[in-house]
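All remarks here apply to the structure that follows.
Nothing in this text is a laboratory measurement; each read-out follows from the coordinates by a stated rule. Fair warning: this is a prediction, and the values are worked out from it, not measured in the lab. Glycine also receives a Cβ, built like all others from the backbone with ideal geometry; neighbour counts cover every protein chain displayed.
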Amino acid sequence: MKPPLPIERIGPIDQDAFYDRYVRKSKPVVITGLTDQWTASRLWSHEYMLEQYGAATVQAYQLNSKGECDVDMDKGSPTRPTVLSDAMLSMREAEISRRWAIATSVDHFPEQLRTEFAAPAYCADGRFLRSMIFIGAGGVVSPLHQDLPENIYVMVQGCKRITLFSPWDHVYPNPRLSNLPNHSQIDAERPDLKKFPDVVYAQPYIVDLRGGETLFIPSLWWHHLRNLEPSIALNFWWSQGWKLPIAMAAALYKKWRAI
Ligand SMILES: O=C(O)CCC(=O)C(=O)O
C-alpha cells in the first residue's frame, strides 16, 4: 500500500462552492465548525444517550474480538433490534467481544433527538436523505466498504481514525452474491499482500476525525473506521441524478432484509 495522504481541512464554505470543489470532483474534505450550533454538539455523550433515550429500540450488533461487527460475507451484517440502554451498558464491559455497538436510523429515536441537530445545507435539498447514528466504545471497527450515496459524516463526540480509498483503487470487493456486495475483502489496516497483491497500488487517505469535525465521503469511496475513543457520530446520506433511483431501491431492499 502507498504511504497514506492527509485529507484537506477547511472551514464552512457556501453550498455552491462545496458542490463545485468537492461533490462534482468526488474529493473528500474535512470541514471544521460546521455543526458548532447544534444542541447535540453541546449535549451528546454516552451518559446523555443512556439517560434521555435509554428506552428506545435501536439496531445494534455484537462485536468480535477484533472489535468488528461479526460480518459474514454470505449472510450479511447481524444487526438486531436492541433496547438502547442494554447496548450502552454493554459498552462498559472490559471484554470487547461482550460489547455491542449501535448503528441505527435516527428514526428509531424519539422526535426529541431530531430537534438536537439539523441536516447541513450541503445535503438538505438532496431528494434522498437518510441519517444514521453510530454509538460505540473505543476499539470498534467498521470494516472497509463503500456506499452509493454521498455522505456527510459528523463526529459529534470522541474520535475515529478513518481510512479512505478512491472508487478507482482495486481493494478486492466481495465477489459473492450476498447481503454485503459493498464490502471489501481486505483488512485496510493490515492487508494480506499474498492474497491481495494489487493492494500495493492503492492510495489510502487517513484522518483522525474529532468531535466537531465533519468528513465528506464522496459516493462510492471506500471507508474503514476505527474508534480511537468512545464516540457518537451521525451521517447524512444523500443522492441525486442517476444515482437517486438506485439509492432508493437499495434502501428499500435493506429495509426489507432488515440489514
Ligand atoms: O461510523 C461507522 O462506524 C460507520 C459509518 C459508515 O460506514 C457510513 O457512514 O457510511
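So how strong a dipole does the stretch 9-257 carry about its Cα centre when Lys and Arg Cβ are +1 and Asp and Glu Cβ are -1, to the nearest 20 debye?
480 debye
The stretch 49-63 to the stretch 227-246: how many Å between their Cα centroids?
After rounding, the separation between the Cα centres reads 20 Å.
What percent antiparallel are the DSSP beta bridges of the chain, to the nearest 5?
Bridges in the chain are about 95 percent antiparallel.
Under 10 Å, Cα contacts only: if you run a Gaussian network model on the chain, which one of LYS195, LYS160, LYS243 comes out with the highest mean-square fluctuation?
Among LYS195, LYS160, LYS243, the largest mean-square fluctuation in the Gaussian network model of the chain belongs to LYS195.
Holding the Cα-Cα limit at 31 Å, pick out from LYS160/LYS243; LYS27/LYS255; LYS66/LYS194; LYS2/LYS66; LYS194/LYS254; LYS25/LYS194 the pairs that are longer than that.
Pairs exceeding 31 Å: LYS194/LYS254; LYS25/LYS194.
Quick one: grab Rg to one decimal and Dmax as a whole number for the chain, Cα atoms only, in Å.
17.5, 50
Starting at the first residue of the stretch 184-191, write each ³J(HN,Hα) from the Karplus equation 6.51 cos²θ - 1.76 cosθ + 1.60 with θ = phi - 60°, in whole Hz, x for Gly and Pro.
8, 8, 8, 8, 4, 8, 9, x
Name the residues whose placed amide hydrogens come within less than 5 Å of the amide hydrogen of CYS159, ignoring near sequence neighbours (fewer than 5 apart) on the same chain.
Here LEU228, GLU229 satisfy the definition.
What does the highest-first list of 52-62, 220-230 look like by mean Cβ count within 10 Å?
Answer by packing, highest mean first, reads 220-230, 52-62.
Counting other C-beta atoms within 10 Å, and keeping those with at most 10, which DSSP coil chymotrypsin sites (Phe, Trp or Tyr not before Pro) do you find in the stretch 126-210?
TRP168
Over the alpha-carbon set of the stretch 54-137, divide Rg by the Kirkwood Rh and report the Rg/Rh ratio to two decimals.
Taking Rh as the inverse mean 1/r over Cα pairs, Rg/Rh reads 1.03.
Suppose the chain between ASP16 and GLU189 were pulled fully straight at 0.36 nm per residue; how much longer would it get relative to their current alpha carbon spacing?
58.8 nm
Charges only on Cβ, +1 for Lys and Arg, -1 for Asp and Glu: so what's the dipole of the stretch 1-84 about the Cα centre, in debye to the nearest 20?
Here the size comes out at about 320 debye.
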